[in-house]
Amino acid sequence: MRRKLVIGNWKMNGSRVANAELLAALKEAGPSVAEVAVCAPAPYLADVALSLQGASISWGAQDCSAFESGAYTGEVSASMLAEFGCRYVLVGHSERRAFHAESDQLVADKAKAALAHKLTPVVCVGETLAEREAGQTEAVVKRQLSAVIHTLAHCISQVVVAYEPVWAIGTGKTASPEQAQAVHALLRAQLKAATEKAGEMKILYGGSVKADNAATLFAQPDIDGGLIGGAALKAADFTAICRAAA
Ligand code: PEP
């Protein structure tokens, strides 16, 4: 049985004071049956690492460079994230694909760089509203995942996949449990063709997950937890979502 995983994606939000308050409240809520992690903006990772030392919550980053080091101004390498104790790093979030023109291959290369430093890449895939309405959901998510499968080869079982329909991110429109499960099943089948460990891999759902819809989403057979944006910024909401994953 796969243990549920709930990851908070703080995006470009927070401050040192606000983060300290949020993390104190999450720690106060106590351990969850699900595995819990927060992905913070890079400048806050040292604070987050200090605050979560010894707690049952892991931490991670929201992006990493595909390169090891060198003349890549503004980039943060996977080895730097590893130095701050990160366990996870998001790669290919739709906001990065859209606002930073990240290609499927670049996302795959980032996942490879993360694995080289023992970070677990959380590979985000998902279709836009136009793609869904054009009946292209399956083709789009398969294409996005396929680049990662080809680049990582036998290491593919070490990633976490997050299905995040772009039309559901930050919009308040959640995919129905049936819509989400259908895509998760497709992704699981694609992973099964690539690795015999596909049944052990986690596939998270993300897109306007809230305390009141989390339980039904997480009850679907191929949904192994969530990637949570807006609701991860409020301790009570995030804690309730983590409990729904128990
Ligand atoms: C996200 O940013 O990954 C996300 C799912 O955001 P939200 O929960 O706000 O839709």
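Summary of values
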read-out	value
Selected residue [surrounded by 15 or more Cβ atoms within 10 Å (Cβ to Cβ) and part of a loop (DSSP other than H, G, I, E, B)] from Gly54, Gly85, Gly30	Gly85
Scan of the stretch 171-205 for residues that are among the basic types (Lys, Arg), exposed (fewer than 15 other Cβ atoms within 10 Å of the Cβ) and not in a loop (DSSP other than H, G, I, E, B), ordered by number	Lys192
Pairs with Cβ under 8 Å, 6+ apart, first in the stretch 159-177 and more than 30 Å from Leu115 (Cα to Cα) and modelled with pLDDT of 95 or more, second of a type in the set (A, V, I, L, M, F, W, C) and more than 13 Å from the ligand (Cβ to nearest atom)	Pro177/Ala219; Pro177/Ile223
When residues of the stretch 200-219 are limited to those that are away from the ligand (no atom under 14 Å from the Cβ) and without any contact (Cβ under 8 Å) to a residue 40 or more places away in the chain, the one nearest to Ser58 (Cα to Cα)	Ala215
Residue count, the stretch 206-246 (criterion: of a type in the set (Gly, Ala, Ser) and not in a helix (DSSP H, G or I))	10
Cross-chain or 6+ apart pairs with Cβ under 7 Å, the stretch 220-246 first and on the phi > 0 side of the Ramachandran plot, then assigned to a helix (DSSP H, G or I) and at pLDDT 95 or above	Gly225/Phe218
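The values are calculated or read from the model by the stated rules, or taken from the named source; none is laboratory data. These numbers were taken from a predicted model, which means no experiment stands behind them. Note: ideal-geometry Cβ built from the backbone for every residue, glycine included; neighbour counts use all protein chains shown.
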